[in-house]
Every structure is written in structure tokens, then in C-alpha cells.
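Quick notes on the structure that follows.
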Amino acid sequence: MGKIVAEAVRDFFLDGVNRKLVEGLALAGVRMEDTIGETSSSPARNAAIDGRTFVLTGTLEVHTRSEAAELIEARGGKVVSSVSKKTDCVIAGSGAGSKLKKAEELGIETWDEEKFLIELNGNEQDSGADADAMEVKTVTPQPPTKAVQGELF
């Protein structure tokens with residue numbers, strides 16, 4: 001990458017509007033890493049979901065509850081329909097009612113949809129994962145086509 005392109009990339013990410021755009025894309029589920037050469041089409045398990053039992057309640061905006069359940073199960077989690085002491089986490093969309101109330105009464109962890117999307121994509125702040133075991137992927141920025149530039153900018 002040459003000096004001019006490097007400066008343009010830096011300037012893009014220094015602009016707060018562009019950073020918010022990228023954050024919004026990540027929250028919507030856009031993968032930000034290079035996936036060329038990956039051999040598995042299934043998502044990686046992560047500590048926030050793997051082995052845990054979830055209940056979905058309320059209306060989710062980004063995914064349907066069925067889609068969210070599939071995403072959880074693909075990452076090693078289990079989805080059940082009712083809240084109990086065995087429930088690890090309740091994901092509450094808008095209009096959540098009795099399931100959310102019961103989770104709060106039992107002291108069960110609750111996530112809103114934004115937290116769910118962050119954890120779903122493996123952006124955990126403190127997962128307890130060994131930093132040396134984490135894989136680092138290189139992102140190669142691609143310039144948008146003129147059609148896309150007109151839509152985004």
C-alpha cells in the first residue's frame with residue numbers, strides 16, 4: 001500500500017461518522033475479517049455462547065428468534081423456551097415480558113439485542129481466552145465501487 005492510500009485509509013477511520021458506520025455494520029453482523037482460506041463454513045464457538053443455555057424473548061430487530069436460535073446453536077449454545085434455574089442467559093428484545101421478569105427474579109444474566117450481536121460475533125471484552133491462542137486475521141480494505149460510493153457517501 002502506498003502513502004496516498006495509507007493516508008486515505010487513516011483519514012477514513014479518524015472520521016467519527018465513518019467509525020460509527022463501521023460499528024453499525026459490525027453490530028448488524030457484517031464480518032470484518034478476511035475469510036479467504038477458511039476450511040469450515042460453520043462459525044467458531046466462543047466462550048460467551050458455547051455450552052450455555054439461552055431463552056429468547058420479545059421481538060428482535062436484526063434476526064428473527066428462529067434465526068437467533070440457529071446462530072446460538074451453531075456456536076455451541078442451547079436454546080430453550082422457558083426460563084428456569086438451569087437457564088444461563090435470557091436475550092430480551094422489545095416487548096419482553098414475563099420471561100424477562102422471571103429471569104431478573106432468579107438473578108439470571110440478561111442481554112439486550114445489541115449485547116447479543118456483540119457476543120455472537122466474538123467481540124467479548126473479557127472471555128478468559130488465552131491471548132496467545134487467539135488467531136489474528138489481516139483485513140485487506142477494498143475500495144468501494146462507484147455505485148456503492150454514491151449510496152454510502
The set of residues whose placed amide H lies less than 5 Å from the amide H of residue 52, leaving out same-chain residues fewer than 5 positions away, is 78
Heavy-atom accessible area of residue 5, protein chains in place, probe 1.4 angstrom, given in Å² to nearest 10, is 80 Å²
Interchain or sequence-distant (5+) residues whose placed amide H lies within less than 5 Å of the amide H of residue 47 are none
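The values are calculated or read from the model by the stated rules, or taken from the named source; none is laboratory data. Please read all numbers here as calculations on a predicted model, not as lab measurements. With ligands, DNA and RNA removed, areas are computed over all heavy atoms of the protein, side chains included. Shrake-Rupley method; radii C 1.70, N 1.55, O 1.52, S 1.80 Å.
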